[in-house]
Structures are given as C-alpha cells and as structure tokens.
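Data block below; observations after.
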Amino acid sequence: MELNHKPFTIGAFFRPSVLGALLGLLLTISTAYGQGDKPVLEIETSLCMMVAEPAPEKAPESVKNFLQYVDAKYYDGTIFHRVMKDFMIQGGGFTINMTRKPTRESVQNEAKNGLKNRRGTLAMARTSDPHSATGQFFINHRDNAFLDYPGQDGWGYAVFGKLTSGKSVLDKIAAVKTGSGDVPVEPVLITSIRLVEPEK
C-alpha cells in the first residue's frame, strides 16, 4: 500500500477539523472519567496484566487511533510478535498463528510531542515511512533515546502513553526465548486491551 502524507507540522493541530476532533476526544474522556481523572488501559496478557495511562494531551491523534482499535476489540487474541530484551516488545498486528490483521488508515507521526521513549512507555510502531503507524505498538523495555525526535530519520517514534503498573510483566515478556525474526518460541498472547474507569 502506498502511503502519501504531507509533512507534519505543528500548525496542523490548529486546523478546524483537527481541533474539533481533539476537543471531542478530550470531552469524551472528561465526561467518562470525571474532571482531572486519567483514562486507564488494562493490557491483559498470557503472562499477567499491565496497566497503562495514555497521554491524549500530548499525542491526540495517536491516542485517538489506539482507542479506536481498543474499542473495536482489535487487539484481542493478538500477540507480542517481536521481542527484544533490553530494547522493546512489539505487538498488535498479528494473530497467534502469525496472520497479519487488516488495519485502519495510518496516522501522522507525533514524535515531536516532547514525550521520550523511556522504559515502560508505549509508542507507535511504524515502517521506514515516518507516517505509516496503524495498529501496531511497542513498549520500551529500557530508555531508548535514539528513538526520540528527531531520531535517525528526522522523525523518531511517537510515544503516546506509559505503564503505571506491570513493569515486572514487561520484564517477563522481554525475557522469553525467541527464534527467527525475534518472534517468541512460545506465543505471548494479548488477551485483551480495555479502557476502564480509574480507581477513585
């Protein structure tokens, strides 16, 4: 699939259509979770649960895109298909039998948002095209400053959230035995990802 995107600029956020979509997303979140509360993502895996907090104020398009996949239960039954200890774990694009899942349209790269690829942060996976991120994501197993904007290609990788618990699960997944292509020998399943109401 050919990807034709105009270069991303900060000015794009101030277009009426984009601004309206962003305000709608923030209103939805504030209505669902109350003033000042943060949305919570429960990432249930075959090796226990991780909990993450998305950052819509910093990465509005990436978070909106991710939550659309979550709402569609797209991630249920997918796997962490690329695991590299002391680097990252990547998932969200393949079923347990390594069948690639169809995706929505790609999103603009938001790596300029100031969030860093630190241990436990969630970021959008992509190809060499900076604006090719769709459904796949990765969780940094360590601080990976070389992935931050501007990175090695003038863009970097967009962070859109962070783990608030479950880093021991991250470590457990990162330590599994892998084979060709850094694919785990025993599949690490993403049972589900759900947006839930935070505890009061």
Any chance residue 61 is more than 14 Å from the chain's Cα centre (by Cα) and either surrounded by 17 or more Cβ atoms within 10 Å (Cβ to Cβ) or in a loop (DSSP other than H, G, I, E, B) (or both): no
Does segment 162-181 contain any residue that is of a type in the set (Val, Ile, Thr) and within 19 Å of residue 63 (Cα to Cα)? yes
Assuming residue 109 fulfils every condition listed in (1) under 23 Å from residue 167 (Cα atoms); (2) in contact with a Pro (Cβ under 6 Å, 6 or more places away or on another chain) apart from one, which condition is it? (1)
Note on residue 105: of the conditions (1) crowded, with 20+ Cβ neighbours inside 10 Å; (2) in a loop (DSSP other than H, G, I, E, B); (3) of a type in the set (Asp, Glu), unmet is (1)
All conditions in (1) over 19 Å from the mean Cα position of the chain (by Cα); (2) modelled with pLDDT of 95 or more are true of residue 35 except (2)
Consider residue 83 carefully, then state whether it is among the aliphatic types (A, V, I, L, M) and touching a Lys or Arg at 6+ places or on another chain (Cβ under 8 Å). no
Hey, residue 123 over 18 Å from residue 91 (Cα atoms), in contact (Cβ under 8 Å) with a residue 12 or more places away in the chain and crowded, with 20+ Cβ neighbours inside 10 Å or not: no
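Let's see how each residue does on (1) at pLDDT below 95; (2) of a type outside the set (D, E, K, R); (3) touching a strand residue (DSSP E or B) at 6+ places or on another chain (Cβ under 7 Å); (4) closer than 24 Å to residue 176 by Cβ:
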residue: 54; (1), (2), (3), (4): no, yes, yes, no
residue: 64; (1), (2), (3), (4): no, no, no, no
residue: 71; (1), (2), (3), (4): no, no, no, no
residue: 85; (1), (2), (3), (4): no, no, no, yes
residue: 114; (1), (2), (3), (4): no, yes, no, no
residue: 124; (1), (2), (3), (4): no, yes, yes, yes
residue: 127; (1), (2), (3), (4): no, yes, no, no
residue: 133; (1), (2), (3), (4): no, yes, yes, no
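Yes or no, residue by residue, for (1) over 16 Å from the mean Cα position of the chain (by Cα); (2) of a type outside the set (A, V, I, L, M, F, W, C); (3) over 24 Å from residue 150 (Cβ atoms):
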| site | (1), (2), (3) |
| --- | --- |
| 83 | no, no, yes |
| 87 | no, no, no |
| 98 | yes, no, yes |
| 108 | no, yes, no |
| 118 | no, yes, no |
| 130 | no, yes, no |
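The values are calculated or read from the model by the stated rules, or taken from the named source; none is laboratory data. Being a predicted model, the structure only gives us computed values, none of them experimental. With ideal geometry, Cβ positions are generated from the backbone for all residues, glycine too; neighbour counts draw on all protein chains shown.
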